[in-house]
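The values are calculated or read from the model by the stated rules, or taken from the named source; none is laboratory data. Because the structure is predicted, anything quoted here is derived from the model rather than measured. Using ideal geometry, Cβ is built from the backbone for each residue, glycine included, and neighbour counts are taken over all protein chains shown.
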Amino acid sequence: MPEITYRQALHDALRAEMMRDENVVLLGEEIGLFEGSYKITAGLLEEFGPERVRDTPISEEGFVGAAIGAAMLGMRPVVEIMTINFSLLAIDQIVNHAAKIYGMFGGQTPVPMVIRTPGGGGQQLAATHSQNLEVWYAHIPGLKVVAPSTPADAKAMLTAAIRDDDPVILLENLSLYNTKGEVPEGEQVATIGKAAVTVPGTDLTVVGYSRSAVIARDVARRFADQGVSIEVVDLASLRPLDRQTICASVRKTGRAVILEDDWLSYGVGAEIAATIAEGAFDYLDAPVRRVAAAEVPLPYAKSLERIALPDADALIKVINEQLDATRFAR
Amino acid sequence: MPEITYRQALHDALRAEMMRDENVVLLGEEIGLFEGSYKITAGLLEEFGPERVRDTPISEEGFVGAAIGAAMLGMRPVVEIMTINFSLLAIDQIVNHAAKIYGMFGGQTPVPMVIRTPGGGGQQLAATHSQNLEVWYAHIPGLKVVAPSTPADAKAMLTAAIRDDDPVILLENLSLYNTKGEVPEGEQVATIGKAAVTVPGTDLTVVGYSRSAVIARDVARRFADQGVSIEVVDLASLRPLDRQTICASVRKTGRAVILEDDWLSYGVGAEIAATIAEGAFDYLDAPVRRVAAAEVPLPYAKSLERIALPDADALIKVINEQLDATRFAR
Amino acid sequence: MAGRTQTSRSRRPAKQQDDGGATAPADVPAETSIDYYRQMTLIREFELRAGEMYTRAKIGGYCHLNLGEEATVVGLMAALRPTDYLFTNYREHGYALARGMDTGRVMAELFGRVDGVSAGRGGSMHLFDAERRMLGGYGIVGGQLPPATGAALALTFRGGPGPDAEAVMCQMGDGTTNIGAFHESLNLAAIWQLPIVYVIVNNGLGMATTVEHASGEPDLYKRGCSYRIPGERVDGNDVTAVRQAAEAMLQRARTERRPGLLEAMSHRLRGHSVVDPARYRSREETDRLRTLDPLPAFRAQLVEAGVLDDDTAAHIEAEAAEKVAAAVAFADASPEPAPDELFRFAYATDVPNAPRMMPGDPVLPAGWEAAV
Amino acid sequence: MAGRTQTSRSRRPAKQQDDGGATAPADVPAETSIDYYRQMTLIREFELRAGEMYTRAKIGGYCHLNLGEEATVVGLMAALRPTDYLFTNYREHGYALARGMDTGRVMAELFGRVDGVSAGRGGSMHLFDAERRMLGGYGIVGGQLPPATGAALALTFRGGPGPDAEAVMCQMGDGTTNIGAFHESLNLAAIWQLPIVYVIVNNGLGMATTVEHASGEPDLYKRGCSYRIPGERVDGNDVTAVRQAAEAMLQRARTERRPGLLEAMSHRLRGHSVVDPARYRSREETDRLRTLDPLPAFRAQLVEAGVLDDDTAAHIEAEAAEKVAAAVAFADASPEPAPDELFRFAYATDVPNAPRMMPGDPVLPAGWEAAV
Ligand SMILES: Cc1ncc(C[n+]2csc(CCOP(=O)(O)OP(=O)(O)O)c2C)c(N)n1
Ligand SMILES: Cc1ncc(C[n+]2csc(CCOP(=O)(O)OP(=O)(O)O)c2C)c(N)n1
Ligand SMILES: [Mg+2]
Ligand SMILES: [Mg+2]
């Protein structure tokens, strides 16, 4: 199988769906002439023209809302919001409109649209440009929220999102765009709403998504070398959330650690921990632990940004604490 | 002590602080001539004039952001956002600006402002006007988020919020405005960041805030009549979250149920449950349970709205399940 | 606080004449005028009964009426073709009726019943009819503008401009011109040359806030200037003038793909919503409003012109009363949505693990282990 | 795609003359002109070194330069008094320097060091100096407009209008005029009669998107029309013209409490940020830009006018180079913020239970039970 980047995988999915369905149109700031802030749409303006690859003014609420209306008339718009931080400008359209229109009007009109947007810190972009706000969208009925961690998933989930009749938010990640992985040629369509056990194990479950799922797999490999068997659950979909796969894993391993890039309090990990604490209560040998970001507006200074964000070392530390506290059970 | 409504308590706090400090100004839609959608500001335009009680155009982002700038120059604006649903229009100013400015600029300018806004469903206002989105704000470093459940708390917390140098979101509740309670005369200033055990008990802990804390107290009384001793923890503050009071209570009772008005997945209760599961792990006789809203855009029809929202009956049902499952331990 | 109560600046009929230019019904066939009167009467009757049903607790939530705006509503809908699309704000009962939506099903929606036009999910603020291309009343101020703009964008993919091309009409209130979505939407419509007409129904007030108090440019039709979108003001009490102005703008939208901004000067005879006693209105203003009710005026005008006689008028009014009475009966007889319908419209495309928990349910369905 | 690359419409010097009206430096004292040249040279030197430091990884994140905008920046800052307040976007290094902020501390902020003007927390996009009333560079497009408007509102509580009254200047880019916050902010400033001047630095581009492609009214200074805010366009390469136009608007803001909208026609000589190669620019456009560099032009103009000789000029340039070299040395010597400083600016008013967990810490501090 060919190895391509996460960026290329997203690009390929967009291109394939645009070739397949003329109702698929792209909207966003600087996606055409500039080829996208992160170059996902490189070459698409040339290939499909300015009608279908439409550069918008800096008007997030306007063009995201316009995508909603276009979707109501049968188009399948794929909107790029340059980073999730700017989605706040469009959030009334996303949450009060895209997420509500199908149900609030009694199922008369679906809103088949996709919002692609990257989140994540670690690039020294400072407090307003480094947020992980996916938990907000994951909380909202009417939305679907997916967060691929590999190039293969990125391609298959974006394809599925474009073909889905509901508004789907596809969370990308600044630190994953250049990562490479094997991606099957041709059409791949993911099932939205399913988590995956990407590393099987027996001693402890690590739950992650997007960048944190990548780190979790890497850490699991390192522990494997020491004879510790870690199972990794990649959520892949934040809404719907696949609670069964999570709880089944923890019922088997008896221990769980969640790695997330967002802030600890009220973050994605809170729901995962609460779910495990209820769904695997009698099987837990130790309290579920969360590894998340320090709760500050992320500072620009590298020295502070580095320590504020969760990393493999923090995960390893917590895994070891879990294992030490429960030696008896192994 | 005089009994007054939650509405009156908020009004009294605003009036007292305006009399005390001329830098306190009110901004919002229809707060003057119309006296506020929910009449909290009744009479204040007459008393303090149109400069200090300022009717704004329908421009949430504009006037919330204006309050930020005014606060940076030493004013203490109190903004009314008609309902939390409309705060989405201003959320870039709240989250990317109010919450960031003090830290991102190295502590050079505080942003002493208050955003008052009611949330809650049950009024048949349909999907876009019935949301409980406080969990979003509770997730954000740089903000403080308080949610009073009684008239006395409403007065003391609003007073504390106005005197605090950080942006504070004071969550009000449509269904509480007309509730009455004893409120001490004169100045009362709450401590932001503390939860309170409002009903002491030994068998099970119910955690709530705002409207759900009121229901929890009522349910606790009903169980008391049957000889079941329920302890109620009223969070009062969602950010900072007083984890110690919550966990101390559950370590004592061994059982916990959370009542929340928002949607179950990724709601406020998820953080509370995760906190308890970690902070009281060895003390739990049963899994922590959450009683929250069904995950749909809230329908207008009364028949559907009623069943979609959590109520005392649902809480009682879950408490009984908890007690039955753990008879051994009592 | 004198200057704070509603002034009558910018509402002077004279001024409206200048800008809009009312036309005597003589220009239009008698049947047409009579039909306008019939529609206006139906809306009036419907709104009065809706207000009554609200006080009887048959209707809940927020309920905003078109009382006083009937001529504007009917004139706008007369200009719209069945193939055109309509987006409105939450004050839209009249638009739904004039658009040809079933009176009983509209009332049933206000009652929150299964036969409601939005299956009881939306209520008064959220009327929708895919077939009649009424793409929704929207409760968030300005929320309808970006989607309406996007609908017009979708039309550009369906075909080129021309006299038969489809167009979009997006209605809003005066207070809505101050929100960011207004600016972003009109700018998009301008640079993308979209077939859309934005209509401002200027009833002089947000809730109690006057246009002059809220808008730096209180002549709202001029606010297209920031996008080179031509604007026009018309007397909203002149049904024919409204129709003609809207038709002209829609025509330009169809044939030239040029957006337009139409301002109809209208009046809200009652409070903002049925629960608002409108105490903020000066008595002088309230008296003045009575003289501005479009229904008696139009009736008199038609009788004057010999187009309508009192018997016919009385007949039309009786018809309307019957129709609305029937609508109320229909709505009342329609069942409330059943509990098991709660998740019916959760998603258009079903997916695994879609949450179906009721309040108090465990996070995992009983017996899930077997499934894994 | 021809029409898609940057056109030079609305950038014609001729047109600028008409709208702005450049003035020969003859009108201003020699020292003043020389001081402008000194400031412009310092900014040029600073920006070139900042770009270099970025490639050397001394600076991270996003870094946007004022290269080509020096005359606009210096002209605007010359019009601003120490008692006035300034809000800008993220392309603000030059404003900080011209506002009198310490060159070393500005560079230290770009390096993310403790001596940075924002204590290393903000970086290039977020320069701040409470004392010099530079109330911040803001990275969210349009984000600075509502707070700047609110700052002007606060001034109205400090005292009445007058020649000595304080005022606010809010700088933004051309692309920023298309976002909702622009509309809402200017409307508030108009209805509340606030002492604020909004300045659009029109460098023709968002990132690659041209003004003509993004704005329905590409003559951006006209966009005050929707609020009855007077607008003016000025040649951004003419430092004196910029200063005079800004001074006049600030004067009206001080004495009449009337907001203004000033558009300075400027040029971005490089990419959007230091990492942008600007491949989207046509070669013709790139060549044309070289001829529009304000520095050599102003230098020649001053030499021509006999105000400056080559030695003095060379001396000024050497001075700037030294100053920036010293700034780099200062920044490099300044320590990175220490780990225990992470929560230092978490809250202005400390409260119980403020979260202080580091990644991987338990949710409760060790030994908390004792505390309860
Ligand atoms: C974003 C938002 N802010 C505030 C409200 C509350 N609100 C509902 S209607 C209204 C006044 C709207 O006035 P206008 O646009 O003139 O419409 P009208 O009611 O006069 O038809 C307000 C402030 C809302 N629904 N949405
Ligand atoms: C709300 C928002 N949307 C998008 C961006 C990404 N972005 C940063 S700068 C920029 C272009 C701004 O152009 P302009 O206003 O002309 O300022 P200039 O960079 O030319 O000085 C964009 C789209 C952002 N920072 N904020
Ligand atoms: Mg109105
Ligand atoms: Mg620009």
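Filtering segment C:222-272 down to residues that are surrounded by 24 or more Cβ atoms within 10 Å (Cβ to Cβ) and acidic (Asp, Glu), which residue is nearest to ligand 1 (Cβ to nearest atom)?
This residue is C:Glu263.
If B:Thr326 satisfies all but one of (1) over 30 Å from A:Asp242 (Cβ atoms); (2) modelled with pLDDT under 95; (3) not basic (Lys, Arg), what's the number of the condition it fails?
Exception for B:Thr326: condition (1).
Within segment D:209-230, can you find the residues that are out of contact with any strand residue (DSSP E or B) (no Cβ under 9 Å at 6 or more places or on another chain) and either under 18 Å from D:His267 (Cα atoms) or not charged (D, E, K, R) (or both)? Working first, answer last.
So the first thing to find is which residues in segment D:209-230 are out of contact with any strand residue (DSSP E or B) (no Cβ under 9 Å at 6 or more places or on another chain), and the list is D:210, D:212, D:215-217, D:226, D:228.
Hits for segment D:209-230 are D:Thr210, D:Glu212, D:Ser215, D:Gly216, D:Ser226.
In this structure, is D:Ala208 facing another protein chain (nearest Cβ under 7 Å), at pLDDT 95 or above, within 26 Å of D:Tyr85 (Cβ to Cβ) and more than 16 Å from ligand 3 (Cβ to nearest atom)? Spell out the reasoning first.
Numbers: facing another protein chain (nearest Cβ under 7 Å): yes; at pLDDT 95 or above: yes; within 26 Å of D:Tyr85 (Cβ to Cβ): no; more than 16 Å from ligand 3 (Cβ to nearest atom): yes.
Taking the combined requirement at face value, the residue does not satisfy it.
Given the residues B:Val25, B:Val79, which is the only one that is of a type in the set (A, V, I, L, M, F, W, C), more than 18 Å from C:Val211 (Cα to Cα) and within 15 Å of ligand 1 (Cβ to nearest atom)?
Values: B:Val25 fails: within 15 Å of ligand 1 (Cβ to nearest atom).
Step by step, each of B:Val25, B:Val79 is checked, and only B:Val79 is of a type in the set (A, V, I, L, M, F, W, C), more than 18 Å from C:Val211 (Cα to Cα) and within 15 Å of ligand 1 (Cβ to nearest atom).
So D:Glu263 clears everything in (1) under 30 Å from C:Asp174 (Cα atoms); (2) part of a helix (DSSP H, G or I); (3) in contact (Cβ under 8 Å) with a residue 60 or more places away in the chain except one condition, right? Which one?
The number of the failed condition is (2).
Taking only pairs six or more apart or across chains, which ones have beta-carbon atoms under 8 Å, a first residue in segment C:194-207 that is free of Cβ contacts under 8 Å to residues at least 24 places away in the same chain and part of a loop (DSSP other than H, G, I, E, B), and a second residue that is of a type outside the set (A, V, I, L, M, F, W, C) and more than 16 Å from ligand 3 (Cβ to nearest atom)?
none
Which residues, counting only those in segment A:118-134, are at the interface with another protein chain (Cβ under 7 Å from one of its Cβ atoms) and either of a type in the set (A, V, I, L, M, F, W, C) or surrounded by 24 or more Cβ atoms within 10 Å (Cβ to Cβ) (or both)? I'd like the intermediate steps shown before the answer.
Taking segment A:118-134 first, the residues at the interface with another protein chain (Cβ under 7 Å from one of its Cβ atoms) are A:123-129.
Scanning segment A:118-134 gives A:Leu125, A:Ala126, A:Ala127, A:Thr128, A:His129.
Quick one: which residue in D:Arg223, D:Arg279, D:Arg233 is more than 16 Å from ligand 4 (Cβ to nearest atom) and either farther than 27 Å from D:Gln39 by Cβ or more than 13 Å from every other protein chain (Cβ to nearest Cβ) (or both)?
So the residue among D:Arg223, D:Arg279, D:Arg233 that is more than 16 Å from ligand 4 (Cβ to nearest atom) and either farther than 27 Å from D:Gln39 by Cβ or more than 13 Å from every other protein chain (Cβ to nearest Cβ) (or both) is D:Arg279.
Please go through segment D:148-164 and give me each residue that is touching a residue at least 12 places away in the same chain (Cβ under 8 Å) and among the hydrophobic types (A, V, I, L, M, F, W, C), ordered by number. Before the answer, list the steps.
Start the filter on segment D:148-164 by keeping residues that are touching a residue at least 12 places away in the same chain (Cβ under 8 Å), which leaves D:148-149, D:151-153, D:155-156, D:161-164.
Selection gives D:Ala148, D:Ala151, D:Ala152, D:Leu153, D:Leu155.
Take the residues in segment D:114-139 that are surrounded by fewer than 24 Cβ atoms within 10 Å (Cβ to Cβ) and part of a loop (DSSP other than H, G, I, E, B), then tell me which one is nearest to the other protein chains (Cβ to nearest Cβ).
Looking at residues that are surrounded by fewer than 24 Cβ atoms within 10 Å (Cβ to Cβ) and part of a loop (DSSP other than H, G, I, E, B), I get D:Ala130.
Checking the conditions here, which among C:Ser273, C:Ser266 is within 20 Å of the chain's Cα centre (by Cα), within 27 Å of C:Cys63 (Cβ to Cβ), within 14 Å of chain B (Cβ to nearest Cβ) and within 16 Å of ligand 3 (Cβ to nearest atom)? First the steps, then the outcome.
On the way: C:Ser266 fails: within 14 Å of chain B (Cβ to nearest Cβ).
Being within 20 Å of the chain's Cα centre (by Cα), within 27 Å of C:Cys63 (Cβ to Cβ), within 14 Å of chain B (Cβ to nearest Cβ) and within 16 Å of ligand 3 (Cβ to nearest atom) holds for just one of C:Ser273, C:Ser266, which is C:Ser273.
If I filter segment C:170-217 down to residues being under 21 Å from the mean Cα position of the chain (by Cα) and aromatic (Phe, Trp, Tyr), which single residue comes out as nearest to ligand 2 (Cβ to nearest atom)?
Applying the filter and picking the extreme gives C:Phe182.
Among the listed residues D:Ala190, D:Ala165, identify the single one that is surrounded by fewer than 24 Cβ atoms within 10 Å (Cβ to Cβ), away from ligand 1 (no atom under 16 Å from the Cβ) and assigned to a helix (DSSP H, G or I).
Working: D:Ala165 fails: assigned to a helix (DSSP H, G or I).
Step by step, each of D:Ala190, D:Ala165 is checked, and only D:Ala190 is surrounded by fewer than 24 Cβ atoms within 10 Å (Cβ to Cβ), away from ligand 1 (no atom under 16 Å from the Cβ) and assigned to a helix (DSSP H, G or I).
Identify all residues within segment A:217-229 that are within 19 Å of A:Asp324 (Cα to Cα) and touching a residue at least 40 places away in the same chain (Cβ under 8 Å); write none if there are none.
If the condition is that a residue be within 19 Å of A:Asp324 (Cα to Cα) and touching a residue at least 40 places away in the same chain (Cβ under 8 Å), then A:Val219, A:Arg222, A:Phe223, A:Val228 are the ones that fit.
Tell me, which helices (runs of 4 or more DSSP H) lie completely within segment B:1-117 with 3 or more residues that are at the interface with chain D (Cβ under 8 Å from one of its Cβ atoms)?
Working: elements: B:6-20, B:44-52, B:60-72, B:101-104.
By residue number, B:60-72, B:101-104.
For segment A:246-259, give me each residue that is more than 7 Å from every other protein chain (Cβ to nearest Cβ) and part of a helix (DSSP H, G or I). I'd like the intermediate steps shown before the answer.
Start the filter on segment A:246-259 by keeping residues that are more than 7 Å from every other protein chain (Cβ to nearest Cβ), which leaves A:246, A:249-259.
Those that are more than 7 Å from every other protein chain (Cβ to nearest Cβ) and part of a helix (DSSP H, G or I): A:Ile246, A:Ser249, A:Val250, A:Arg251, A:Lys252, A:Thr253.
Anything in segment C:276-303 that is under 19 Å from the mean Cα position of the chain (by Cα) and either in a helix (DSSP H, G or I) or of a type in the set (S, T, N, Q) (or both)? List them, or say none.
Matches in segment C:276-303: C:Pro294, C:Leu295.
When segment B:216-235 is examined, which residues are found to be touching a strand residue (DSSP E or B) at 6+ places or on another chain (Cβ under 6 Å) and either within 25 Å of B:Ala190 (Cα to Cα) or assigned to a strand (DSSP E or B) (or both)? Quick ask: steps written out before the conclusion?
Kept after step one, since they are touching a strand residue (DSSP E or B) at 6+ places or on another chain (Cβ under 6 Å), are these residues of segment B:216-235: B:216-217, B:220, B:223, B:230-234.
Of everything in segment B:216-235, those that are touching a strand residue (DSSP E or B) at 6+ places or on another chain (Cβ under 6 Å) and either within 25 Å of B:Ala190 (Cα to Cα) or assigned to a strand (DSSP E or B) (or both) turn out to be B:Ala216, B:Arg217, B:Ala220, B:Ile230, B:Glu231, B:Val232, B:Val233, B:Asp234.
State whether one or more residues within segment A:135-152 are at pLDDT 95 or above, outside any loop (DSSP other than H, G, I, E, B) and surrounded by fewer than 24 Cβ atoms within 10 Å (Cβ to Cβ). Quick ask: steps written out before the conclusion?
Taking segment A:135-152 first, the residues at pLDDT 95 or above are A:135-152.
Right, trim to outside any loop (DSSP other than H, G, I, E, B) and you get A:135-138, A:144-146, A:151-152.
If we keep only those that are surrounded by fewer than 24 Cβ atoms within 10 Å (Cβ to Cβ) too, we end up with A:152.
For segment A:135-152, residues at pLDDT 95 or above, outside any loop (DSSP other than H, G, I, E, B) and surrounded by fewer than 24 Cβ atoms within 10 Å (Cβ to Cβ): present.
Restricting attention to segment D:145-178, and to residues there that are within 13 Å of chain B (Cβ to nearest Cβ) and among the β-branched types (Val, Ile, Thr), which single residue is farthest from ligand 3 (Cβ to nearest atom)?
Only one residue fits best here, namely D:Val168.
Given the structure, is A:Asp165 of a type in the set (Asp, Glu) and surrounded by fewer than 24 Cβ atoms within 10 Å (Cβ to Cβ)? Can you show your working first?
On the way: of a type in the set (Asp, Glu): yes; surrounded by fewer than 24 Cβ atoms within 10 Å (Cβ to Cβ): yes.
Answer is yes for this residue.
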